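First up is the structure itself, then whatever we jot down about it.
The values are calculated or read from the model by the stated rules, or taken from the named source; none is laboratory data. Fair warning: this is a prediction, and the values are worked out from it, not measured in the lab. Don't worry about glycine lacking a Cβ; one is built from the backbone with ideal geometry, like all the others, and counts go over all protein chains shown.
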Amino acid sequence: MRLLLLLLLSGCQSTIFTQACPENDVKCQTNQDAELLHILEQKEAAVMLLCQLSQYQRVLDCPVQH
């Protein structure tokens, strides 16, 4: 019975493992941070973070920065 309860409780937890970025790789770290924000259901924050990278600005229809 204890084993069954333990299995049920452990199934309710989720663990997120992220891959480490190479040192000073801003693009990699930004992508990982945006992915984490998306998982945490902070989708608007994730998009705004990705908008800081030039390769995503046109694709994501980012607001023009002055």
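Among the residues in the range 23-34, are any surrounded by 13 or more Cβ atoms within 10 Å (Cβ to Cβ), part of a loop (DSSP other than H, G, I, E, B) and at pLDDT 85 or above?
no
Quick one: how many residues across the range 49-66 are touching a residue at least 12 places away in the same chain (Cβ under 8 Å), within 15 Å of residue 29 (Cα to Cα) and surrounded by 15 or more Cβ atoms within 10 Å (Cβ to Cβ)?
Summing the residues that are touching a residue at least 12 places away in the same chain (Cβ under 8 Å), within 15 Å of residue 29 (Cα to Cα) and surrounded by 15 or more Cβ atoms within 10 Å (Cβ to Cβ) in the range 49-66 gives 4.
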